[in-house]
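Any read-out appearing in this document is the output of simple, stated calculations on the displayed coordinates, not a laboratory observation. Everything numeric in this text was worked out from a predicted model, so none of it was measured. Cβ placement follows ideal geometry from the backbone for every residue including glycine, while neighbour counts extend to all protein chains displayed.
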Amino acid sequence: MSEAGIDRIGFATTSLFLDMRDLAESRGVDPEKYTVGIGQLEQSVAPSSQDCVTLAAAAAKDALEGEDLEKIDMVLLGTESGVDASRAAAVYVKQLLGLPDRVRCLELKQACFGETAALAWAMDYVSRRPGRKVLAIGSDVARYGLNTPGEATQGAGAVALLCSSDPKILKIEDDSRFLTVLASDFWRPTYSNCAIARGHYSTEVYLECFSRLWKQYKDETGRSASDFDAFLFHLPFSKMGLKALREVLKEADPERAKVFQDRFEASSAYGRRVGNIYSGSLYLSLLSLLESSLLEEGSRIALFSYGSGAEAEIFSATLREGYSSMLSPLRHLAAINGRRKVEVAEYEHLFSDFPPANPQDYSCDERYFAGPFRLTGIRECQRQYEAEG
Ligand code: CAA
């Protein structure tokens, strides 16, 4: 029986944010539509010097503080916003982290589902190699476009999971149930740096996938809502997860339903301010809940992962003894609280300053360099990354 799971959780976001009330005013929308109806308060804004590579490397650095890099065998990076049609973004991440060449580096793609696939691969690997570790990272800059319905659900950030066969935070149970359906709810053609989203339809597919999988999970495992202490969801925006949670609340007694609701609130606290980080979004919910200190050791959590297109999975995890000593709530809150607020005009400028999709050289704006790693520009069709200092 595998004991594999998550040893450390690292998080990174950008140094800038947009207030949803400012965006609402600029778009002629009632602010409560964004803050209550959609459930988002802020979104991290990415200058062009921050992309899925720099954010992934920064989150991994956060997870690796004090760790022995020699124990890492793989860097698996789930992303929707990959920077090259061929080379895995994880190769750049490995280089920025100074990991040895013997490390295997791959990118996994399926909309917002990539980090869950990375985690599953990591679990299989570390179970067979006790003592060895794998980084499973989800990193994205979520772009729907200026003046689009999806604009209020953008964001940027990464979550890195350091996985091992003797995890200190969370044991991942071997009870995954998953499904794939061909759905045109959200996709991004290679010529575009913004997603095409059928927002209401994507909500329908998400909820339908949750319903199907939750029923299958209960039928095949014999478990029910009362076997869990919390439910976590992929959160493209906080209202989305709440809609799925409502299905579970119908099955819980009032006392437990209240507990589930309170814990859902805690799980969405970081995401309401960072926005959708696509691949890492479910794991940002996990971090947000764990760092709220509401859960006791031994608690069992259900996790629902979803990637448009569409792939979905339900699995469970159990909190290890002493897990809270492995978390860094103050550091992560400081990363969110320390961002500088940008006005809508500056956000629109940054959104439009995107590396060109043609062979011309490009320089990122140095005034926005922040964080431990950055893209400085593109020279002869090659992205140029550097570490701070
Ligand atoms: N006060 C309070 N609430 C208000 C309000 C007001 N003044 N005005 C409207 N609302 C409420 C509405 O009633 C609605 O609530 P319910 O959904 O509970 O009914 C909510 O605010 C949103 O209103 P609309 O549906 O009218 O908003 P919209 O048409 O602008 O679209 C959206 C909202 C569909 C979420 C849109 O932002 C969008 O397309 N987002 C991107 C798509 C997305 O995130 N899909 C989710 C899964 S896909 C994913 O995660 C991507 C991936 O795999 C990579």
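For region 209-253, what is the charge dipole size about the Cα centre, in debye to the nearest 20, if Lys and Arg each add +1 at the Cβ and Asp and Glu each add -1 at the Cβ?
That gives a dipole near 300 debye.
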Open item on the list: If the only charges are +1 at each Lys and Arg Cβ and -1 at each Asp and Glu Cβ, what is the size of the charge dipole of the chain around the Cα centre, to the nearest 20 debye?
Closed with: 240 debye
Open item on the list: Can you give the local net charge around Ala230? Use residues other than it whose beta-carbon is closer than 12 angstrom to its beta-carbon, Lys and Arg +1, Asp and Glu -1.
Closed with: -2
Task: Listed residue pairs exceeding 26 Å between alpha carbons, taken from Lys171/Lys341; Lys94/Lys168; Lys33/Lys218 - done: Lys171/Lys341; Lys33/Lys218
Task: Residue among Trp187, Leu289, Ala312 farthest towards the positive dipole end of region 172-321, charges placed on Cβ - done: Trp187
TODO: Work out how much length Val259 to Val181 would gain on full extension: take 0.36 nm times their residue separation and subtract the Cα-Cα distance, in nm to one decimal.
DONE: 24.9 nm
Task: Volume per residue that the Cα convex hull of region 172-321 spans, once the total is divided by residue count, Å³ - done: 113 Å³
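Find me the longest stretch of the chain that has none of the exposed GluC sites (Glu not before Pro), where exposed means in a DSSP loop (not H, G, I, E or B) with at most 10 other Cβ atoms within 10 Å.
Looking at the chain, 66-295 is the longest stretch - no exposed GluC sites (Glu not before Pro) with at most 10 other Cβ atoms within 10 Å.
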Task: Calculated FRET value between Glu386 and Asp353, using beta carbons and R₀ = 22 Å, to 0.05 - done: 0.75
TODO: Could you compute the FRET efficiency for Glu247 and Arg300, with r as their C-beta to C-beta distance and R0 at 25 Å, rounded to 0.05?
DONE: 0.85
Open item on the list: Given an 8 Å cut-off on Cα distances and at least 6 residues of separation, report the relative contact order of region 111-211 as a percent.
Closed with: 25 percent
TODO: Using the number of other C-beta atoms within 10 angstrom as an exposure proxy, rank Trp121, Trp214 with the fewest first.
DONE: Trp121, Trp214
Open item on the list: Can you give me the C-alpha center-to-center distance between region 12-79 and region 188-254, rounded to a whole angstrom?
Closed with: 21 Å
TODO: Name the residue farthest towards the positive end of the dipole of the chain from the options Val248, Val36, Leu146, assuming +1 on Cβ of Lys and Arg, -1 on Cβ of Asp and Glu, about the Cα centre.
DONE: Val248
TODO: Mind checking the full-extension length gain between Arg128 and Leu106? Use 0.36 nm per residue of separation minus the Cα-Cα distance, one decimal, nm.
DONE: 6.0 nm
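Roughly how big is region 172-321's charge dipole about its Cα centre, with Cβ charges of +1 (Lys, Arg) and -1 (Asp, Glu), in debye to the nearest 20?
With Lys and Arg at +1 and Asp and Glu at -1, about 640 debye.
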